[in-house]
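Read through the structure below, which is laid out as structure tokens, and then see the notes.
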Amino acid sequence: MASELTSLRVRIATSKDADRLIPLINSAFAVETFLEGPRTDPERLAAAMRKGTILLAEDVNGCLAASVYLELRGSRGYVGMLAVDPARQRSGLGGRMMREAETYLRQHGCGAVDITVLSLRPELPPVYRKLGFVETGTEPFVYPHRISGDQACHCIVMSKDL
């Protein structure tokens, strides 16, 4: 698996990649059954690509393996919507994409990076702690999707110095 990780090509996504990115992102976030509707759609993805940058990873055959959203916010960067093909999850690819994101942000003048994790995903903060992130606060959940049922949800803010 390590050789497969190193053979993946990471590049900046373009609008021509949207038709491949949408199913990847939605399949990676299918575990979030508490959200109503798909994680992204053509309009939301286009808006994200106008506001920030999406890095994607392709294998030697050009098959999409992962993607991550990046946004420059002055001296800080924001990383979100990390999506790994479900067949490739738990392979280290998510960690590789986070390192690629951090490198991109450093190269663009950022000294720190922030992420937000939904409180309804308690398995994620420990994963990000292993990558060097620490919890720095909370924010209200504001997203185009509604939470199904009467579950309470907020965002856990995690940060890391670059």
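Every read-out reported here was derived from the displayed coordinates using simple, explicitly stated rules and does not represent laboratory data. Keep in mind it's a predicted model, so treat the numbers as computed, not measured. Quick reminder, even Gly has a Cβ in these numbers, built from the backbone with ideal geometry, and neighbours come from all protein chains shown.
Considering every residue within region 89-102, establish whether at least one is surrounded by fewer than 20 Cβ atoms within 10 Å (Cβ to Cβ) and touching a helix residue (DSSP H, G or I) at 6+ places or on another chain (Cβ under 6 Å).
yes
Touching a helix residue (DSSP H, G or I) at 6+ places or on another chain (Cβ under 9 Å), under 19 Å from V31 (Cα atoms) and of a type outside the set (D, E), is that true of M81?
Here the answer is yes, as M81 does meet what is asked.
Please work out which residue is farthest from E71 (Cα to Cα), limiting yourself to region 9-21 and to residues that are more than 13 Å from the chain's Cα centre (by Cα) and either among the hydroxyl-bearing types (S, T, Y) or surrounded by 14 or more Cβ atoms within 10 Å (Cβ to Cβ) (or both).
R20
Cβ-Cβ under 6 Å, sequence separation 6+ or interchain: first residue in region 99-117 and closer than 14 Å to G80 by Cβ, partner among the polar types (S, T, N, Q) and in a strand (DSSP E or B). Which pairs?
D114/S159
Select from region 37-68 the residues that are closer than 28 Å to G149 by Cα and within 13 Å of the chain's Cα centre (by Cα) and list them in ascending order.
Hits for region 37-68 are R39, T40, L45, A48.
Taking region 135-162, which residues are surrounded by fewer than 12 Cβ atoms within 10 Å (Cβ to Cβ) and assigned to a strand (DSSP E or B)?
G137, E139, P140, D161
Residue-by-condition table, conditions (1) among the basic types (K, R); (2) touching a Lys or Arg at 6+ places or on another chain (Cβ under 8 Å); (3) buried (at least 17 other Cβ atoms within 10 Å of the Cβ); (4) in contact (Cβ under 8 Å) with a residue 12 or more places away in the chain:
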residue	(1), (2), (3), (4)
E43	no, no, no, no
A48	no, no, yes, yes
K51	yes, no, no, yes
A57	no, yes, yes, yes
A65	no, yes, yes, yes
V68	no, no, yes, yes
L72	no, no, no, yes
G77	no, no, yes, yes
M81	no, yes, yes, yes
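Inside region 109-130, can you point out the residues that are among the basic types (K, R) and either surrounded by 16 or more Cβ atoms within 10 Å (Cβ to Cβ) or assigned to a helix (DSSP H, G or I) (or both)?
Hits for region 109-130 are R129, K130.
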